[in-house]
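Colleague: First the structure, which I've put down as structure tokens, then a few questions once you've had a look.
Computed from the coordinates by the stated procedures, all read-outs in this text should not be read as laboratory data. Keep in mind the model is a prediction, meaning the values are calculated, not measured. Note that each Cβ is placed from the backbone with ideal geometry, even for glycine, and that neighbours are counted across all protein chains shown.
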Protein chains: 2
Amino acid sequence: MKKQILKIVKIGGKLIENEESLSAFLHDFSQLEGPKILVHGGGKMATELSDRLGFKTNMVDGRRITDADAMDVITMVYAGLINKKIVAKLQGIKSNAVGLCGADGKSIISKKRVIKEIDFGFVGDVEVINTKFISSLLENDIIPVFSAISCSNEGELFNTNADSVAAEIAIAFSENYQTELFFCFEKNGVLKDPLDDASVIDLLDTRTYQNLLNKKIISEGMLPKLHNCFHALEHAVSEVYLGGPNLLQKGAQHTKIIK
Amino acid sequence: MKKQILKIVKIGGKLIENEESLSAFLHDFSQLEGPKILVHGGGKMATELSDRLGFKTNMVDGRRITDADAMDVITMVYAGLINKKIVAKLQGIKSNAVGLCGADGKSIISKKRVIKEIDFGFVGDVEVINTKFISSLLENDIIPVFSAISCSNEGELFNTNADSVAAEIAIAFSENYQTELFFCFEKNGVLKDPLDDASVIDLLDTRTYQNLLNKKIISEGMLPKLHNCFHALEHAVSEVYLGGPNLLQKGAQHTKIIK
């Protein structure tokens, strides 16, 4: 039997920061047919709030550490302000949604990240996606809207990469659904020339990706995003797209990632 | 057929502000048998964050107005920080919970409050409780944890009195459950003498309440709380209790409110 399509859409920082672009995006999102899941990051809003509150950014060996204050701010901004604004906007356009973080219904269980003796603080890597709970929402025509916060089995909240959360949700659902993963960010796709926004690569496969990597054409910020794309494809996700704020519109320019 | 008991518990500001008392309370709460719902306020935390961010409290005719900045802070603190901390703590003690505001699953639909030409800003009064959605969680042994934020049909988030939210949820569920409503706050119940914490009234009926009102013995802060208690009893809620942080423990002192 052909599996039902499930669309998992991740939206990034800049798209969220602008009220108008967010509303336009959510309109496109609400028009998508069939079951769908939204995952959002937080962009600069958490950093801005931290600055206004006088919290210092904690760095070790050039890497950002999420201390308790930073985690509180992230929880306020991601799981509170942004998540509930998105859900309320969706309700306003008659799309029934529920805003969640990983603690809710144990939906995203993670493990604290410690790499080579660097303790990243309240940062977690996804271990388990509770597809049973999330499916119960989908089956009732409710859109799960996730902030990128996960939870340990011991009940600690952890900051988690939003691209990874989207990829891991798509992977977990690939057993029961034909999953399509969309990453919406500020560019219209992966660029051949990082300085030329019009140089979008239509189709990016592993080999071309390796070539671009060798030539150091892929920008720093794109590396983890593309890693998540290929990771998803390798773990049974059907289709992966990268594009701009209008990615969900028919005919929008984008990069399709293939194996 | 005898209806199943559903317990609705509301916790107030001071209990939430202290991490230890909150953990102790959540332990008691998790031990309650059968389906249960938690509703929390936010206490001084939202005001403190507003002050730190330099937002001014907006008053008209001596009444607080919730402007857009204040609503953002409330959404961050109530629906974000406090709500997710409670849910994570419950997960840590193996109680499966989902944190919600009224926008989530259209669970608490409200209407903007305008009284005698005073526009209170982003303040809403409860109109509809979506028992169908909330029941679907209860039936899956998930505890709904509500922050006191509601949502209009048009998708606006509104600040809403947490006592009223708890009472309205209890009333809405009284058709299908035998509902018990618990208000946990800093005193062990309604006091005969507001200056004597030991003067808890065990049983408070409408007549005694009227007497105390006439004698002006009930403190300002207690008036809306008690109004919600009697309102709930008049709308089919079975039992209503008022007490301190240990109210859910067996044998704890409290005031039982009766018609």
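Colleague: Given a cut-off of under 8 Å on Cα pairs at least six residues apart, what relative contact order in percent is computed for chain A? Provide the component values of the computation, followed by the final result.
Modeller: Values: 515 pairs, mean separation 56.5, N = 259.
In percent, rounded to a whole number, it is 22.
Colleague: Compute the signed sum of charges (Lys and Arg +1, Asp and Glu -1) over the other residues within less than 15 Å, Cβ to Cβ, of A:Lys44.
Modeller: So the environment of A:Lys44 carries a net charge of -2.
Colleague: Taking the Cβ of each residue in B:Val98, A:Val126 as the centre, tally the other Cβ atoms inside 10 Å and list the residues starting with the fewest. Let's see the in-between values first.
Modeller: Details: B:Val98 26, A:Val126 22.
Ascending number of Cβ neighbours within 10 Å: A:Val126, B:Val98.
Colleague: Hey, another quick one. Obtain the radius of gyration and the Kirkwood radius of segment A:1-147 from its C-alpha atoms and give Rg over Rh.
Modeller: That ratio equals 1.00.
Colleague: Size of the dipole of segment A:5-186 about the Cα centre, Lys and Arg at +1 and Asp and Glu at -1 on the beta carbon, nothing else charged, in debye to 20?
Modeller: Dipole magnitude for segment A:5-186 comes out near 140 debye.
Colleague: Also: With springs connecting C-alpha atoms under 10 Å apart, model chain B as a Gaussian network and identify which of B:Lys36, B:Lys215, B:Lys187 has the largest mean-square fluctuation.
Modeller: Greatest mean-square fluctuation among the candidates belongs to B:Lys215.
Colleague: Label position 7 Å from Cα toward Cβ: report the copy-to-copy distances for A:Asn176 in nm, one decimal, ordered from shortest.
Modeller: 2.1
Colleague: So, counting K/R as plus one and D/E as minus one, what does the shell of residues with Cβ under 13 Å around A:Asp197 add up to?
Modeller: -1
Colleague: Something else now. For chain B, with the dipole built from +1 on Lys and Arg beta-carbon atoms and -1 on Asp and Glu ones, taken about the Cα centre, which of B:Ile142, B:Asn214, B:Asn18 lies farthest toward the positive end?
Modeller: B:Asn214
Colleague: Label position 7 Å from Cα toward Cβ: report the copy-to-copy distances for B:Lys44 in nm, one decimal, ordered from shortest.
Modeller: Between copies, matching label points for B:Lys44 lie 3.5 nm apart.
Colleague: Right, next: Percentage of Cα-Cα pair distances in segment B:170-253 greater than 16 Å, rounded to whole percent?
Modeller: I get 53 percent for the Cα pairs in segment B:170-253 exceeding 16 Å.
Colleague: Which value, in Å³ per residue, describes the convex hull spanned by the Cα atoms of chain B? It would help to have the intermediate numbers written out before the result.
Modeller: On the way: hull volume 35.9 nm³, N = 259.
Per residue, the Cα convex hull of chain B comes to 138 Å³.
Colleague: Given H placed on each backbone N at 1.01 Å, which residues far from B:Val240 in sequence or on other chains put an amide H within less than 5 Å of it?
Modeller: B:Leu181, B:Ile257
Colleague: What lysines could a cross-link reach from A:Lys44, if we take a straight Cα to Cα line under 18 Å and drop same-chain neighbours fewer than 8 places away?
Modeller: Straight-distance partners of A:Lys44: A:Lys10, A:Lys14, A:Lys56, A:Lys84, A:Lys85, A:Lys187, A:Lys225.
Colleague: Using each residue's phi in segment B:70-75, evaluate 6.51 cos²θ - 1.76 cosθ + 1.60 at θ = phi - 60° and report the 3J(HN,Hα) Karplus result to the nearest Hz, with x for Gly and Pro.
Modeller: Rounded to whole hertz, the list is 4, 5, 4, 5, 4, 5.
Colleague: Nearest to the axis that maps chain B onto chain A: list the chain B residue whose Cβ wins, with the distance in whole angstrom.
Modeller: Residue nearest the B-to-A axis, with distance in whole Å: B:Gly80, 1.
Colleague: In nm², what is the average projected area of the convex hull enclosing the Cα atoms of segment A:97-196?
Modeller: Convex hull of Cα atoms, orientation-averaged projection: 8.7 nm².
Colleague: Could I ask something else about it? Straight distance only, please: which aspartates and glutamates reach the Cα of A:Lys259 with their own Cα at less than 20 Å, same-chain residues fewer than 8 apart left out?
Modeller: List returned: A:Asp163, A:Glu168, A:Glu175, A:Glu180, A:Asp202, A:Asp205, A:Glu234, A:Glu239.
Colleague: Taking amide hydrogens as modeled 1.01 Å from N in the peptide plane, which residues meet the under 5 Å criterion relative to A:Phe146, leaving out close sequence neighbours?
Modeller: Amide H neighbours of A:Phe146: A:Leu38, A:Val39, A:His40, A:Leu100.
Colleague: While we're here: At 7 angstrom along the Cα-to-beta-carbon line, where would the label on B:Pro224 sit relative to the other copies? Give the distances in nm, shortest first.
Modeller: 4.2
Colleague: With θ taken as phi - 60° and the coefficients 6.51, -1.76 and 1.60, list the Karplus ³J(HN,Hα) couplings across segment B:248-256 in order, rounded to whole Hz; mark glycine and proline as x.
Modeller: Values, residue by residue: 7, 7, 4, x, 5, 5, 6, 10, 9 Hz.
Colleague: Okay, next question. Using a 10 Å Cβ count of at most 11 others and DSSP loop calls, identify the longest part of chain B lacking such GluC sites (Glu not before Pro).
Modeller: It runs B:34-116.
Colleague: When the dipole is taken about the Cα centre of the protein assembly as shown, and only Lys, Arg (+1) and Asp, Glu (-1) are charged at their Cβ, what size is it in debye, to the nearest 20? Present the calculation step by step, with values, prior to reporting the outcome.
Modeller: Working: 60 positive and 66 negative charges, 106 e Å.
Magnitude of the dipole: close to 520 debye.
Colleague: Working from the pairwise distances between different alpha carbons, so that the mean of 1/r is found and then inverted, what is the protein assembly as shown's Kirkwood radius in Å? All intermediate terms of the calculation are to be shown ahead of the outcome.
Modeller: Working: mean 1/r = 0.0414 Å⁻¹.
This gives a value of 24.1 Å.
Colleague: Taking the alpha-carbon centroid of each part, what is the distance from segment B:150-199 to segment A:73-118 in angstrom?
Modeller: 26 Å
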